[in-house]
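See below for the structure under consideration.
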Amino acid sequence: MTERAVPARVVAAERIASEAGFKKSCIPEVGRLLRLAAASKPDGVIAESGTGTGVGTAWLHSGLGAGARLLTVERDEDLARRATAVFGDDERVDVLTGDWRLLERHAPFDVFFCDGGGKRDDAQRVVELLAPGGLLLLDDFTPSPHWPPRFEGEVDELRLFYLTHPALNATEVLTTPTSSTIIATRSP
C-alpha cells in the first residue's frame, strides 16, 4: 500500500510542535478533511482558531486556492511566532496573536476550523461568523452511538448544539475509531 503524501508545511509544523513539546496538533485524518474543505472554496476566506504550531493551518494551506485567504489565531505568543515562520513566505496567510475574537473583523468565513477559542465558550457566535454556504469543522469529539449524543454518561450539550442548530446542516464523521469531527454548512 502506498503512503499518502504529507505536505511539506505540515511536516515543518509537526517538527516545530515536537521541538516545542506541543502535543495537541491536528491529526492527519482531520488534516485531510481540512485540505478538502479549503479546496472547496478556491477564492474563499478561510479561518482557524487555535493555530498551535500550525499543523492544522498547514493542512488548510495545502488546499488553499490562488484567490483564497487564510487567517489563523493563536493566543500563545510563542506558538504563534513559531507558526508564522512556517507561512512567512505566503502573503495569503496571516497568523494573528491573541484571542479568537480577533477573527471577527475578517468574517464572514467560507471555511472555519474552530479548533480553539469559540467552540465551547461562544458557540452561537461561531455559527454567526460563517458565510451562507460556509463550512464549519469542529474536531476532538468522542464518538457516541446514542441520540442525543452522550459524553462521559451525560448528554453532550455542545455537540447537540451544533448538530441541531437551525442555521446549520451538520453531521458527525468518525476520523479514527476513538475520535470524530462535526462538519456543518450554514444554510443560505
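The values are calculated or read from the model by the stated rules, or taken from the named source; none is laboratory data. Predicted model only: the values in this text are computed from it and were never measured. Note that each Cβ is placed from the backbone with ideal geometry, even for glycine, and that neighbours are counted across all protein chains shown. Please note that ligands, DNA and RNA were not included when accessible areas were found on the heavy atoms of the full protein model with its side chains. Shrake-Rupley method; radii C 1.70, N 1.55, O 1.52, S 1.80 Å.
How many residues does the stretch 114-135 contain that are touching a Phe, Trp or Tyr at 6+ places or on another chain (Cβ under 9 Å), more than 19 Å from ILE27 (Cβ to Cβ) and either open to solvent by less than 10 Å² (accessible area, probe 1.4 Å) or not in a loop (DSSP other than H, G, I, E, B) (or both)?
Count: 9.
Within the stretch 77-95, can you find the residues that are open to solvent by 40 Å² or more (accessible area, probe 1.4 Å), in contact (Cβ under 8 Å) with a residue 12 or more places away in the chain and either touching a helix residue (DSSP H, G or I) at 6+ places or on another chain (Cβ under 7 Å) or not in a helix (DSSP H, G or I) (or both)?
The answer is ARG82, ARG92, ASP94.
Would you point out which residue out of ALA85, ALA58, ALA68 is among the hydrophobic types (A, V, I, L, M, F, W, C) and more than 17 Å from the chain's Cα centre (by Cα)? Steps first, answer last, please.
On the way: ALA58 fails: more than 17 Å from the chain's Cα centre (by Cα); ALA68 fails: more than 17 Å from the chain's Cα centre (by Cα).
After ruling out the rest, the residue left standing is ALA85.
Looking only at the stretch 136-153, how many residues end up being modelled with pLDDT of 95 or more and either farther than 19 Å from PHE112 by Cβ or open to solvent by 40 Å² or more (accessible area, probe 1.4 Å) (or both)?
Summing the residues that are modelled with pLDDT of 95 or more and either farther than 19 Å from PHE112 by Cβ or open to solvent by 40 Å² or more (accessible area, probe 1.4 Å) (or both) in the stretch 136-153 gives 0.
Please list, ordered by first then second residue, the pairs with beta carbon atoms under 8 Å, 6 or more apart or interchain, first in the stretch 159-188 and without any contact (Cβ under 8 Å) to a residue 60 or more places away in the chain and among the aromatic types (Phe, Trp, Tyr), second surrounded by 14 or more Cβ atoms within 10 Å (Cβ to Cβ) and in a strand (DSSP E or B).
These pairs meet every condition: TYR162/LEU136; TYR162/LEU138; TYR162/LEU168; TYR162/ALA170; TYR162/ILE182; TYR162/ALA184.
Go through the stretch 9-31 and give me each residue that's closer than 23 Å to ASP110 by Cβ and either exposed (fewer than 14 other Cβ atoms within 10 Å of the Cβ) or touching a helix residue (DSSP H, G or I) at 6+ places or on another chain (Cβ under 7 Å) (or both).
Result: ARG9, VAL10, ALA13, CYS26, GLY31.
For LEU71, are the conditions met, namely being among the aliphatic types (A, V, I, L, M), crowded, with 21+ Cβ neighbours inside 10 Å and assigned to a helix (DSSP H, G or I)? Even if it seems obvious, please write down each step before you answer.
Working: among the aliphatic types (A, V, I, L, M): yes; crowded, with 21+ Cβ neighbours inside 10 Å: yes; assigned to a helix (DSSP H, G or I): no.
Against the criterion (among the aliphatic types (A, V, I, L, M), crowded, with 21+ Cβ neighbours inside 10 Å and assigned to a helix (DSSP H, G or I)), LEU71 does not qualify.
Can you tell me which residues in the stretch 18-47 are without any contact (Cβ under 8 Å) to a residue 60 or more places away in the chain and over 30 Å from THR185 (Cβ atoms)?
SER18, GLU19, GLY21, PHE22, LYS23
Any chance you could count how many residues in the stretch 1-26 are under 13 Å from the mean Cα position of the chain (by Cα) and farther than 15 Å from ILE183 by Cβ? First the steps, then the outcome.
Filtering the stretch 1-26 for residues under 13 Å from the mean Cα position of the chain (by Cα) gives 24-26.
Within this subset, residues satisfying the condition of being farther than 15 Å from ILE183 by Cβ are 24-25.
Number of matching residues: 2.
Any residue that is within 22 Å of LEU129 (Cα to Cα), surrounded by fewer than 16 Cβ atoms within 10 Å (Cβ to Cβ) and not acidic (Asp, Glu) - is there at least one of those in the stretch 42-63? Break it down into steps so the answer makes sense when it comes.
In the first step, residues of the stretch 42-63 are kept if they are within 22 Å of LEU129 (Cα to Cα); the result is 42-52, 54, 56-61, 63.
Checking the rest, the ones that are also surrounded by fewer than 16 Cβ atoms within 10 Å (Cβ to Cβ) come to 42-43.
Add one more test, that the residue is not acidic (Asp, Glu), and what stays is 42.
Within the stretch 42-63, one or more residues are within 22 Å of LEU129 (Cα to Cα), surrounded by fewer than 16 Cβ atoms within 10 Å (Cβ to Cβ) and not acidic (Asp, Glu).
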